[in-house]
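Peer 1: Handing you this structure, nothing more for now.
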Amino acid sequence: SKEFNHHAELTVCIGGDGAFLQTMHEHNFPSMPIIGINTGHLGFFQEISPDKLDDFIFNYTQNMYRLQKLTTVKATVKTEDGATTEHIGHNEIVIRGSHSYSIHLNISIGDSFIERFSGDGILVATPSGSTAYNYAARGSIIDPSINVMQITPLAPINTNAYRSFTSSIICSKDSIVKIAPEYRFEDSILIVVDGVEYQFKQIVDISIFVSDLKVKLLRMSNYEFWSRVTEKFL
């Protein structure tokens, strides 16, 4: 197979939304626009059905399309050995315990302490990811033209020691979500980026914020976000 050409004018991704996310990560979020041919089930990012390929080619050559710039989120993970790793999520970044243990997190937004969380974990979603795992976790659907991020709790447990919000929180694009884990069981935390798991030992803190990187999704001129939401979910 040929190598991916980062100087091409357009990336064409064939498959479902999973194939779209895999393309983004395997090729390090290419800077050129991307169009999806939907052969999957939901097809939220995949704009074109296979029987509309001729229409797409004509519209593309006639410049009858627009670019939708989608927000991404970045997580920096620091461990006790001084190492720092970075991860970029198109849909979401999830912090959760391994082996289905409850996880305990001290969460701040900027310099303001927000909560001591106990539960399955938290999910930080982009607007374009708000219709994915975030929606299944009862988070809010957000128009992707709004540059924000959303913190959604996963099965929060409120006790005398741990109190957390049971609904999602919407943060501005300039916010930094800071997470300091408390270890009660295993010293092991999973960072799940668009469904791909990364396991860490001895995490000191995690910072999640809106990344400068934007995904350029090519949309046909008649695309409208809320019509797509209604079509897919109602």
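The values are calculated or read from the model by the stated rules, or taken from the named source; none is laboratory data. Given the structure is predicted, the values throughout are model-derived calculations rather than measurements. Reconstructed Cβ throughout: ideal geometry from the backbone, glycine too, with neighbour counts over all protein chains shown. Please note that ligands, DNA and RNA were not included when accessible areas were found on the heavy atoms of the full protein model with its side chains. Shrake-Rupley method; radii C 1.70, N 1.55, O 1.52, S 1.80 Å.
Peer 1: Is it the case that residue 43 is in contact with an Asp or Glu (Cβ under 7 Å, 6 or more places away or on another chain), assigned to a loop (DSSP other than H, G, I, E, B) and farther than 18 Å from residue 175 by Cα?
Peer 2: yes
Peer 1: Now, a different point. With the condition being of a type outside the set (Asp, Glu), more than 27 Å from residue 217 (Cβ to Cβ) and in contact with a strand residue (DSSP E or B) (Cβ under 7 Å, 6 or more places away or on another chain), I'd like the strands (runs of 3 or more DSSP E) fully within segment 94-198 carrying at least 3 qualifying residues.
Peer 2: Those strands (runs of 3 or more DSSP E) span 103-109, 112-125, 148-156, 176-182.
Peer 1: With (1) touching a strand residue (DSSP E or B) at 6+ places or on another chain (Cβ under 7 Å); (2) within 30 Å of residue 180 (Cα to Cα); (3) not acidic (Asp, Glu) as the list, and residue 22 as the residue in question, which single condition is left unmet?
Peer 2: Condition (1) is where residue 22 drops out.
Peer 1: Let me ask something else about it. Here are 61, 85: which of them is open to solvent by less than 80 Å² (accessible area, probe 1.4 Å) and β-branched (Val, Ile, Thr)?
Peer 2: 85
Peer 1: Here are some residues: 209, 165. Which one is open to solvent by 20 Å² or more (accessible area, probe 1.4 Å), aromatic (Phe, Trp, Tyr) and under 14 Å from the mean Cα position of the chain (by Cα)?
Peer 2: Unique residue meeting the criteria: 209.
Peer 1: Here are 136, 83, 75: which of them is without any contact (Cβ under 8 Å) to a residue 12 or more places away in the chain, more than 25 Å from residue 233 (Cβ to Cβ) and aliphatic (A, V, I, L, M)?
Peer 2: Values: 136 fails: more than 25 Å from residue 233 (Cβ to Cβ); 75 fails: without any contact (Cβ under 8 Å) to a residue 12 or more places away in the chain.
None of the other options fit; the residue is 83.
Peer 1: Sticking with this one: Only one of (1) part of a strand (DSSP E or B); (2) free of Cβ contacts under 8 Å to residues at least 24 places away in the same chain; (3) among the β-branched types (Val, Ile, Thr) fails for residue 230. Which number is that?
Peer 2: For residue 230, the failing item is (1).
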